[in-house]
Amino acid sequence: MSQIDQAVAVRDGEELDASTVDRFMKQAVADLQGKPVIRQYPGGASNLTYQVDYGSHSFVLRRPPFGKIARSAHDMLREARVMATLKPVYGYVPEIVATCDDHSVLGCDFYVMQRLEGVILRQDFPADLAMPAEDVRTLCTNVIDKLVELHKVDAEAAGLNHLGKGDGYVQRQIRGWSDRFVKARTDDVGDFATVMQWLNDKMPDDVAQVVIHNDYRFDNVVLNPDNPLEVIGVLDWEMATIGDPLMDLGNSLAYWVQADDEAPFKMLRRQPTHQPGMLTRDEVVTYYAQQSGRQIDNFDFYEVYGLFRLAVIVQQIYTRYYHGQTADKRFAMFGQAANYLQMRCEKLISKSGL
């Protein structure tokens, strides 16, 4: 089926040595034959994701980006451990095949996981996957349901409590992301001073301590190719932790560009949340509250937080481009994107009832 997500040619400067990968894979997996075919998934602006094929055997390799990165960022081995621990209680996690902390192999930590063959929705629906609005709505709620299900995982029973640092998650996030922005700021991007001060002043207490994904979007969800309304996998667990579920929802809605949004925000759209049948951001919050049983009196703080956090991620990537640590032209406009997100945050703050 043509809508099954496919890797493409590897981007210049992000190639892997096929013979090195081959040696590692054949040590890790029995009975692999021939030489690997290595391609790269086009999505993502942070960690790099490759498809490694040996005939009918297909794997996914995840590694950090090339160039200088923050010490605490892109922890591939932590991501693999989280996935392996979560898999038994949340079946949508791909199976970990192998991990590697020997930098003589690829020059970094990395891991290999099973490839889930399915549909991944990126900026738009595939041409041969048109859906009526009622099916789009069903798909949308099914995707939200998987986030609700994750937030109901018993972290202690799953052996994941060690990921958390206890109460004060909201405070740690606001301080942490503010600090990251200050360190990553370039002189062509605004200072976000008003936004950071407002978030600091309006911080609520944690509503709960649960397993959160921290990057839950349509392009991190795998759909059944035979029934694309069904979720069969959830990807990209790098930032998963124990934390506040409404912060997780705020992160997700930062990417939720809807049909009536202003043009600059639409330019940042990377998932088909504008399609007829998709819930609006307000409807997502209402639906999440109903399904989770959590009372949400005012979502303004979490919405601004999600946009600010996205701006910091964008700025961190832009800084690497700005300083010549990556030549990926996709990142050339990220400074302008950060400036727009500052304006969007400030507009929401000016209208907030908090």
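The values are calculated or read from the model by the stated rules, or taken from the named source; none is laboratory data. None of the values given here were measured: they were computed from a predicted structure. Note that each Cβ is placed from the backbone with ideal geometry, even for glycine, and that neighbours are counted across all protein chains shown.
Structure notes:
- Selection count, segment 138-185, where residues are at pLDDT 95 or above and either part of a helix (DSSP H, G or I) or of a type in the set (K, R) (or both): 32
- Of all the listed residues (L199, L229), the sole one being on the phi < 0 side of the Ramachandran plot and surrounded by 21 or more Cβ atoms within 10 Å (Cβ to Cβ) is L199.
- Given (1) of a type in the set (K, R); (2) in the same structural domain as D109 (by TED's automatic domain parsing); (3) under 23 Å from V222 (Cβ atoms), number of the condition R23 does not satisfy: (3)
- Flag for I120 being out of contact with any Asp or Glu (no Cβ under 8 Å at 6 or more places or on another chain), under 24 Å from L268 (Cβ atoms) and among the β-branched types (V, I, T): no
- A single entry from A337, A311, A289, A327 fulfils the requirement of being of a type in the set (A, V, I, L, M) and assigned to a loop (DSSP other than H, G, I, E, B): A327.
- Among (1) buried (at least 19 other Cβ atoms within 10 Å of the Cβ); (2) among the hydrophobic types (A, V, I, L, M, F, W, C); (3) within 19 Å of F192 (Cβ to Cβ) - the single one L348 does not satisfy: (1)
- Filter pass, Y50 being surrounded by 14 or more Cβ atoms within 10 Å (Cβ to Cβ), at pLDDT 95 or above and more than 23 Å from the chain's Cα centre (by Cα): no
- For the condition of a type in the set (F, W, Y), within 27 Å of L160 (Cβ to Cβ) and in contact (Cβ under 8 Å) with a residue 60 or more places away in the chain, F265 does not qualify.
- For beta carbons closer than 8 Å, sequence separation of 6+ or different chains, a first residue in segment 142-168 that is among the small types (G, A, S) and a second that is assigned to a helix (DSSP H, G or I), the qualifying pairs are A155/N161; A155/L163; A158/T85; A158/L86; G159/T85; G164/A155.
- Leading residue by the ranking (nearest to A208 (Cα to Cα)) among those in segment 280-308 that are of a type in the set (S, T, Y) and buried (at least 17 other Cβ atoms within 10 Å of the Cβ): S292
- Annotation: of all residues in segment 123-137 being surrounded by fewer than 16 Cβ atoms within 10 Å (Cβ to Cβ) and in a loop (DSSP other than H, G, I, E, B), the one that is modelled with the highest pLDDT is P132.
- Scan of segment 239-264 for residues that are more than 25 Å from P204 (Cβ to Cβ) and either among the hydrophobic types (A, V, I, L, M, F, W, C) or not assigned by TED's automatic domain parsing to the domain that holds V285 (or both), ordered by number: V257, A259, A263
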